[in-house]
Each structure stands twice: as structure tokens, then as C-alpha cells.
1. Across the range 234-259, which residue is least open to solvent (accessible area, probe 1.4 Å) among those that are closer than 15 Å to Asp193 by Cβ, out of contact with any Gly (no Cβ under 7 Å at 6 or more places or on another chain) and in a loop (DSSP other than H, G, I, E, B)?
2. Can you spot a residue in the range 317-339 that is in a loop (DSSP other than H, G, I, E, B), farther than 22 Å from Phe440 by Cα and open to solvent by less than 10 Å² (accessible area, probe 1.4 Å)?
3. Can you go through Gly369, Gly423, Gly401, Gly362 and tell me which one is at pLDDT below 95 and not hydroxyl-bearing (Ser, Thr, Tyr)?
4. Could you list all residues from the range 390-411 that are within 23 Å of Ile447 (Cβ to Cβ) and open to solvent by 10 Å² or more (accessible area, probe 1.4 Å)?
5. From Val87, Val53, which residue is in a helix (DSSP H, G or I), of a type in the set (A, V, I, L, M, F, W, C) and over 19 Å from Ala107 (Cβ atoms)?
6. Looking at the range 176-228 only, could you name the residues that are among the hydrophobic types (A, V, I, L, M, F, W, C) and open to solvent by 10 Å² or more (accessible area, probe 1.4 Å)?
7. Can you report the number of residues in the range 425-443 which are surrounded by fewer than 23 Cβ atoms within 10 Å (Cβ to Cβ) and either closer than 17 Å to Thr41 by Cβ or out of contact with any Ser or Thr (no Cβ under 8 Å at 6 or more places or on another chain) (or both)?
8. For the range 240-278, give me each residue that is among the aliphatic types (A, V, I, L, M) and out of contact with any strand residue (DSSP E or B) (no Cβ under 6 Å at 6 or more places or on another chain).
Amino acid sequence: MRIFTAALATETNTFSPICIDRRAFEASLYAPPGEHPETPTLCTAPITVGRTVAAQKGWELIEGTAAWADPAGLVSRSTYESLRDEVLEQLRAALPVDAVVLGLHGAMVAAGYEDTEGDILARVRNIVGPDVLICAELDPHSHLTAKRLQAADIFVYFKEFPHTDFVDRAEDLWRITVDTLEGRVKPVMSVFDCRMIDVYPTSREPMRSFVDKIMKIEKDDADILSISVIHGFMAADVPDMGTKLLVVTDDKPEKGAALARDLGLELFSKRGTFIMPQIDEKQAVTEAFAATSWPVVIADMWDNPGGGTAGDATVLLAELLAKGATDTAIGTIWDPMAVQICMAAGEGAAIPLRFGAKSAPGTGNPVDGIVTVVKLVRNAEMRFGESFAPFGDSAHIVLNGIDIILNSTRAQSFDPSLFSVMGIDPASKKILVIKSTNHFFASFSKIAPKIIYCAAGTPYPNNPAKTPYRRARKDIWPMIADPHAMEHGAS
């Protein structure tokens, strides 16, 4: 067997002011054929798992380019088209192939392309013809379109949020791919539109039990090859924004459709109960001050670069400064210009510095003060599971007794190593402020006895009922109370 694999992925917040060009991919991950590291990043596990599978089976794996950019706003047209065409040319050169296995995100939007993944998959299908297997692993914070379903044979999505299972799901995808190529199964995809948009953390109920349930169904029923919840991505103003339920069966489309509908309506019945309780910055700081065991983590959950924001909001920092916080560390505030100034000043320097809140309204005001530059790190990285996430040239500064990490490559706060690589012992602090909606939970919950989810400012469109969508559907919850009401009445 000859199998082609490649990855092209980012997550697009269409409301974000930060545009993506080729440099953004190069800053996060750009690996030409054969140069992908041994460990995968979020959307490239099909490549690394594919290496293992191909070696075990004695098959030939032809690797194309792997490119990932940290989430932001629109991808420039030239950047998308050049990376897409690079991969497609590599596929043409690899022909003939028995299968194409891709790492995609599912929520990339480029200038001129609302459905980039549909565009890529349709072009791949056009190149390989109707009989070659096309498979992809995707992020659940994405959109599922008819164009994608028409072009591909198998989709498998991460089940966990935090996305701790991207390698496990790549292994699932490859297992189904091998079974298909060797004639044991005939995968068919069935989809139910839940007609809703919500946030579904699997680190808490009720989503934890729901994911456990679908994994048990996969294990117990031989007809069911895979079940995925496509959460949707509310920060994307595109026509297919919303939650969907995908079931892949072994040639049992009616059974798949019935199960997708039952699970989708079960999910819909729990709408509005999934997301973590949130408080504002004043209450968050008050609660953190009142804690009796440390460190307390305050998650600045909507200024999350993992959702496409800049990650430069200062609302929480301003509240901490106003309250005279000490034993506190902030990780991170994105400000490449301030990092350059600190780099020029050098470690140990005390300098006047303005930083933060440059990207958009609703992120607070720039912070001014005399700061001490404590530690400078070029090309800094933090752990993310078994992988590493870059956060670029970075500066550890101190302002009024608060440790602050300024970074130059936007990245959400995945792991406490974010602090330790910058010379801060996270366990020694009373308060850690991080920028992440929920990906931080898997690692920070191991060191923090208390986690506070804080909605500070308005850096992100986190209320779909009020978001000024122009392209997204208006006939889903919470824009309307019960889009399934007529169906319920009929049944």
C-alpha cells in the first residue's frame, strides 16, 4: 500500500484583528516533507501515527508538508493557496496512492474561502479519483459542511476538550483506514444537525459522561466504527457554524443516522448546562485573595489565543495592580514590541515600558510603569501533553511586585512549564493568571487546588445570541429557543 499524508491547519476567529500569513505558520509549525518532528502538534498526529502504522504493515508512507498556525483571524488568500497547492502538488507527484490521510482543523477560513477544508478535500478527490480512500482527523471546534462529507470517506474528531486525545484519535483514524484498505469494513458517515452552538468542556459534567457514553458504544457495537461530536466554533461567522453529531458505521447508514439523531437530541436537551461558571475580574481577584491554599489559577478564559484572540488583554492585570497583589504571576501578555524593547535593554535593566491592550477594543488599557527585566528567552516553548508549543521570544518582567511574561508568538497557556522556562516557580505563587478557556485544565489542575474561570472584558464573541453574525445561521439555539420544536410536535 502507498499512502499519502500531510497536514494544513489553523482555527479562524473571523472577528479577530490578527491576520495569518505564511510567517505565522513558520512561527508555529512548517515542516517540509519528511521533516516533521517525532512528536505531533495538535493537527499533525496522522503523520506521526502513520509512520508507526506504515512501519508495522510494511507499507509506504509518502509525507507531504505539515503546516500549523496558532489560531487568529483570516488567513491571507495567497498564504492559503500557496500552502494548499504545495500539498496538492506533492500528492500529484506521489500518485498512484491507495489512500490519503490528512491532518486538518476544520475551522480555517481564508480570504475568498469560507470552507477551506471543503476546498482542499474536493481538490484531493479530483486528483485521486472516486475510488481512493480519503480520511482526516479534525478538531471538534470546527464546522462540518456538505462539501467535506461529499469529498471524504472517514472523519474522526478529537473527543476531549481539553484536546488531550489527538494522538488517540489519530490511532482510531488509522485503525479504520487499515481495516478499510484490507477489506474488513466499509465506512459510511451519518450526520445529525443539533441546531445549536455551545461550549462543551469534557473536564466536567454533563459532557464528561456523554463522551464516556459514546466511547462505550464504540467499544460495544461492532457496527459503530467512530462517533464524534463536532462542537462548532462560535467565533466564526460562516454558514455552517453549529454543533453536529457524526457517526461512522460499517456500511449501516440507517443505523448510523438513527444513532446520530438520538445522541444529537440528547446533547440538545442539555443545552446551556455545559460551560464552566464564570465571574468577572473583580470577583475573581476577591476570591483569589480569600483562598487559603495555593496556587490559585485565574483563567482569563475569553482572552484565549487558542480561540484566535491576541492574548494581550490587561483587564485582570489592572485589577490585580489596583488591589496590590503580590506573589502573583501573569502568563502571558502578547506584545512583540515590548519584548523587543526588553531584549534590547537586557536582563537586570529597569526601564519605563508600555505594554498590552494594543489589539482590539474590550481588552483594557495599555499598562505603563517602571519594570525590571528579570529573564529573556529566545524561542521559548512550553509543554503541551507529549508535544511542545512555542510562544516565541519572551521576557519575564516585574511590575509592582507582579511577575509578568511578555511573549511574541501568541499561544494559550497550556502548561505550568510556561512559567518555569521563564524563571518563575509556579508552585511558589499564590495567584497564577493564565489565558486559556479550558486546555490548561489537564496540567494546571495538578498543581492548583482552586481554579477560577474569569470573563474579563470583551475580547471574544462569547455570547452567540448577541454576536453580530452576518453569514452564520440564525435558526439555531441560543438565537432561537427551540429549533427542534416543530419536529418534537410532529413526533
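1. Residue satisfying both the conditions and the ranking: Val238.
2. Of all residues in the range 317-339, those in a loop (DSSP other than H, G, I, E, B) come to 323-327, 335.
Those left that are additionally farther than 22 Å from Phe440 by Cα: 323-326.
Restricting the remaining residues to those that are open to solvent by less than 10 Å² (accessible area, probe 1.4 Å) gives 325.
Checked the range 317-339: at least one residue is in a loop (DSSP other than H, G, I, E, B), farther than 22 Å from Phe440 by Cα and open to solvent by less than 10 Å² (accessible area, probe 1.4 Å).
3. So the residue among Gly369, Gly423, Gly401, Gly362 that is at pLDDT below 95 and not hydroxyl-bearing (Ser, Thr, Tyr) is Gly362.
4. Pro390, Val398, Gly401, Asp403
5. Numbers: Val87 fails: over 19 Å from Ala107 (Cβ atoms).
One residue alone meets the criteria, Val53.
6. Matches in the range 176-228: Val178, Leu181, Val185, Val188, Met189, Val191, Phe192, Val199, Met215, Ile217, Ala222, Leu225.
7. So the answer is 5.
8. Met241, Ala258, Leu265, Leu267, Ile275
The values are calculated or read from the model by the stated rules, or taken from the named source; none is laboratory data. Because the structure is predicted, anything quoted here is derived from the model rather than measured. Positions of Cβ are backbone-derived with ideal geometry, glycine not excepted, and every protein chain shown enters the neighbour counts. Heavy atoms of the whole protein, side chains included, go into the accessibility calculation; ligands, DNA and RNA do not. Shrake-Rupley method; radii C 1.70, N 1.55, O 1.52, S 1.80 Å.
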